[in-house]
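Asker: Attaching a single structure in structure tokens format; questions to follow.
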Amino acid sequence: MQPVIPFPYPALHATHGGIWIATADGTVRTVSRGEAIGFAGETPTILLNAPVAATRLGLGEISGLDLLELYAFVHPARFAVPTPAGLARALDMTPPENDPAAASFLLAAAAALLDRIDATDWPEREGAWSSAQALARLRWPWAAAVGQRIRKPQVAERWLFAKLPEWEEAPPRPQPRPVVLGDTETQENLARLLGDGAEPREGQRLYAAAAARAFDPRSMEGRPNLLLAEAGTGIGKTIGYLAPSALWAAQANGTVWISTYTKALQRQLDRETRRVFPHPPEHRVKVVVRKGRENYLCLLNLEDALQGGFQGRAAVLAQLVARWAAYSKDGDMVGGDLPGWLPTLFRKAGSTALTDRRGECVYAGCPHYRRCFIERSARAADGADLVIANHALVMILAQRRREEGAPLARLVFDEGHHLFDAADSTFSVALTGQEAIELRRWIIGPESKARGRRRGLAARLSDVASYDEEGGLALEDARAAAAELPADSWLARMAEGLPLGPVERLLAAVRATTFARARAADAGYGLETEAAELDGPLVEAATHAIEALEALVRPLTRLRQRLDAVLADAPDWLDGPARARIEGAIHGLRNRTVMIDAWVALLGRLGGPIDPDFVDWLQVDRVEGREYDVGLHRHWLDPTRPLAETVLKPAHGLIVTSATLKGADGWDGADARAGVPHLDQPPTRFEAASPFDYAARAEVLIVTDIKRGDLSALAGAYARLIAAAAGGTLGLFTAVQRLKAVHARIADRLARDGLPLYAQHVDPIDTGTLVDIFRDDAHASLLGTDALRDGVDVPGSSLRLVVMEGVPWPRPTVLHAARRAAGGGTAFDDRVVRARLAQAFGRLIRRADDSGLFVLLSAATPSRLLDAFPPGTPVTRLTLDEAVARVAARLSTAPSLRHQGNPVEGALPE
């Protein structure tokens, strides 16, 4: 082994409060932004999260030795909050007490990580030497330091593709046995999951008993046993439904699908199921987290990236992802054990090209098919007792399983108040330029050669085309028809008034009509207008586009039929991989012909009478004035109609549950959101109020003297309230522009007082990691939009104040206007606002010992909306000065403002 070279480089730590440089001799000094920029440009510098450091310095990007990259190399698939304190805890080091100490800590952390490479018990050693050699060839900044420490293995090490286990085929699972769960055994299983000494909760016991009845054998086809259950925060609904779910799965030898709306709850449910199956080997078999294909690492894409498909920084990302893949539990790149901050370190080099987002999988034709994370997850789900998925995937799979005659029979929809929204998205149709160009690329292939392994349908089926003459002709006809779809630079051609082909001309007409009709107040951002009373040129363009799409769907349908015939009368060359590749092509053709048929149906209604079941509109998507898509959209006026037909009716038993399922609308609102009016059998209903003492633990403050539209006053209010609470604040906005404006005005000021402020759409960090950082530091605050209003679980003093910029009225979109007219006008708006207020307030009290304040900066808050908050919660209207004093008196001395524990291991309150 070569002698270790001392690590001589300095460290730079930048926050909104200042910039510090630490050197190896122990010196720490404060520097100006200009000096820091010059220093980092001239000297190899240790950083923590280079994109964030660049943002703090006002730079587009900064190069250096990023500790997070080194951590990802040394400890792949291990969690760490990407802050000095978070990294210290991940490395079992003492967190720095202040920013100057943080600069010195970066040097100590670098030494500690490099020392771990020397340790004999380094658990992630296998594959590290090979990876380090590849990274050195890419001139990775850490390569020299790592190369001095890492030992070449005496025996060639297994690496990635050889290291990953292969999945095995299993026989189909038999139909579940009909069983009826007894009340006593359900309660005994609940007690077992809670463990000895658990506090008995009557609401949870009754909830579990009600949930058990959803697993009874159904009495008639199309009439599922449906339970609608509202269980307030603190009831313990998760264990309440897991107890009968696991019991039924064991006795009936069946699978229960547990569906969520947010990835955060999927992760939490995965942890909670360890109570059901505490032994890791059993848990891996009995519980599977299932997501859409686009969430998982594609090994073929990774291989292409490693073999030259990625260049520069993107190639470094591919190597670090390969290190992670060798140790990952399931290959989940979005919400799994890949650190959410890793792809953001590479910005535009992003990880999306490493997943299967375009449906190009060749299935068994892939050399890594037997090790594929996606295939392993799908097969594991078939044999699991509990499958944790999301609403959108469950709805898509339910449609497919219904066609195959094997429906998803037992379902639990947690976060059930989002069932309507998930159905709205799943059953919608969008004919846009981006969708059309992706279809063209799927058939023809990319126009650019710089797209890695992407190949068109003709290239993927060339052997079939040479064997089957009719199939080859269909393939050629499909290629010719697909050439009429939008191609690269279609947006530029439309802006110049030179569209090519019938679909581009249709999109150009859509764009022109939208600009002519959309309100001028929307200029700079997304525009939309109702697809009604359309002029002749647009309707004529739609007619020509229909002809082009029908000319495409015909050869695609014929090709699918020929592929079916090839499988039925298999030639000698059709081995297992080729058969699976053709089966994959058939599946892709089926999906795309269904999509094209939906486009044709959408266009066929233009210029005719309005279909009362649907809402159609034209849209131009823009961000800060930059157009990125144009298209036509169709949504069901009531998306629970297809939900009932494809998901609810085929099932045997379902539970739809949430802490805010009813909201302020009562059971009628819950019924409407869950699709009950479209079922032939009424549901069972259960309700248990939260046991939390909201009257004593929380208060709603409505500030009456902030003028609407006054950004300076709004920013000042946020700054004063956050300072009064000493951090621990979640700030919620209804518009990204106002969020950015407020953050720009107050971030530096708060940071100088030791109160870090983070923000969605500002900090180059993914939302999940932002929440992790917020949860980890009781003095930090976080600003965000809709994604943070629901699904954020931050128990303890890290979240003690929620501030909303105003009443969260719904945006006046075409879709909202149609549903508003059908749903009672202002009463519909009020229902939407009450639900949003309830969801936002629900972030505040997550445990019985939590306390906090909810502040609404809106003088004109109607009293009729205040029943959105839990009964008994005090509501006070007051001035900003009075609100700041109330917050300071109640929250600035919040108990033990300290680290709340590893956020990955946090407990579920429900």
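Every read-out reported here was derived from the displayed coordinates using simple, explicitly stated rules and does not represent laboratory data. Just so it is clear, the structure is predicted and the values come from calculations on it, not from any experiment. Note that we place each Cβ from the backbone using ideal geometry, even for glycine, and neighbour counts take in every protein chain shown.
Asker: Using alpha-carbon pairs under 8 Å, 6+ residues apart, how would you state the relative contact order of the range 150-252 in percent? Could the numbers behind the result be given before it?
Answerer: On the way: 82 pairs, mean separation 36.5, N = 103.
After rounding, I find 35 percent.
Asker: In the chain, with Lys and Arg counted as +1 and Asp and Glu as -1 at Cβ, which of these residues, Leu783, Ala191, Gly445, has the Cα nearest the positive end of the dipole, that is, farthest along it?
Answerer: Of the options given, the answer is Leu783.
Asker: Here's something else I'd like to know. With an 8 Å cut-off on Cα pairs and a minimum separation of 6 or more residues, tell me the relative contact order of the range 633-745 in percent. Show your work: numbers first, answer last.
Answerer: On the way: 42 pairs, mean separation 20.7, N = 113.
Dividing the mean separation by the residue count of the range 633-745 yields 18 percent.
Asker: Measure out, as a whole number of angstrom, how far apart the alpha-carbon centroids of the range 591-669 and the range 387-409 sit.
Answerer: 18 Å
Asker: On to the next question. What percent antiparallel are the DSSP beta bridges of the range 11-157, to the nearest 5? Write out the running numbers ahead of the final one.
Answerer: On the way: 8 of 11 bridges.
The answer is about 75 percent antiparallel.
Asker: Please report the net charge: other residues with Cβ closer than 14 Å to the Cβ of Leu135, K and R +1, D and E -1. Could the numbers behind the result be given before it?
Answerer: Numbers: positive: Arg137, Arg139, Arg149, Arg313, Arg323; negative: Asp66, Glu69.
For residues surrounding Leu135, the net value is +3.
Asker: So for the range 748-845, taking the charge dipole from beta-carbon charges (+1 Lys/Arg, -1 Asp/Glu), which of Gly842, Phe774, Gly823 sits furthest toward the positive end?
Answerer: Going by the Cα projections, it comes out as Gly823.
Asker: Hey, another quick one. Mind scanning Lys237/Lys291; Lys263/Lys662; Lys291/Lys740 and naming the pairs with a C-alpha gap bigger than 27 Å?
Answerer: Lys291/Lys740
Asker: Antiparallel DSSP bridges in the chain: what percent, to the nearest 5? Write out the running numbers ahead of the final one.
Answerer: Values: 29 of 81 bridges.
Taking every DSSP beta bridge with both residues in the chain, the antiparallel ones total about 35 percent.
Asker: So how strong a dipole does the chain carry about its Cα centre when Lys and Arg Cβ are +1 and Asp and Glu Cβ are -1, to the nearest 20 debye?
Answerer: Details: 105 positive and 112 negative charges, 221 e Å.
Dipole size: approximately 1060 debye.
Asker: Still on this model: Around Trp667, with a cut-off of 13 angstrom between Cβ atoms, what is the net charge of the other residues, counting Lys and Arg +1 and Asp and Glu -1? Before the final figure, lay out the partial values.
Answerer: Values: positive: Lys662, Arg673, Arg685; negative: Glu230, Asp665, Asp668, Asp671, Glu687.
So the environment of Trp667 carries a net charge of -2.
Asker: How big is the equivalent ellipsoid of the chain along its three axes, where each semi-axis is √(5λ) from the Cα gyration tensor, reported in whole Å from largest to smallest?
Answerer: Values: eigenvalues 332, 277, 205 Å².
So the three semi-axes of the chain are 41, 37, 32 Å.
Asker: Then there's this: For the residues Phe373, Phe215, what sequence is obtained by ranking on other C-beta atoms within 10 Å, fewest first?
Answerer: Taking fewest neighbouring Cβ atoms as first place, the list is Phe373, Phe215.
Asker: Here is a further query. What is the Cα centroid distance between the range 681-727 and the range 203-217, reported in whole angstrom?
Answerer: 33 Å
Asker: Another question, if that's okay. Counting only C-alpha contacts under 8 Å and six or more residues apart, can you give the relative contact order of the chain as a whole percent?
Answerer: Values: 1618 pairs, mean separation 131.5, N = 910.
Computed over the chain, the figure is 14 percent.
Asker: I'd like the distance separating the alpha-carbon centroids of the range 733-748 and the range 500-550, in whole Å.
Answerer: Taking the Cα centre of each part, the range 733-748 and the range 500-550 sit 34 Å apart.
Asker: Here's a follow-up. For each of Cys372, Cys366, count neighbouring Cβ atoms within 10 Å of the residue's Cβ, then give the residues from fewest to most.
Answerer: Values: Cys372 25, Cys366 20.
Ordered from fewest to most neighbouring Cβ atoms within 10 Å, Cys372, Cys366 come out as Cys366, Cys372.
Asker: Could you compute the net charge surrounding Phe427? Neighbours are other residues with a C-beta less than 12 Å from the C-beta of Phe427; K and R count +1, D and E count -1. Walk me through the intermediate numbers first.
Answerer: Numbers: positive: Arg634, Arg641; negative: Asp421, Asp424, Asp613, Asp638, Glu645.
Computed value for this residue: -3.
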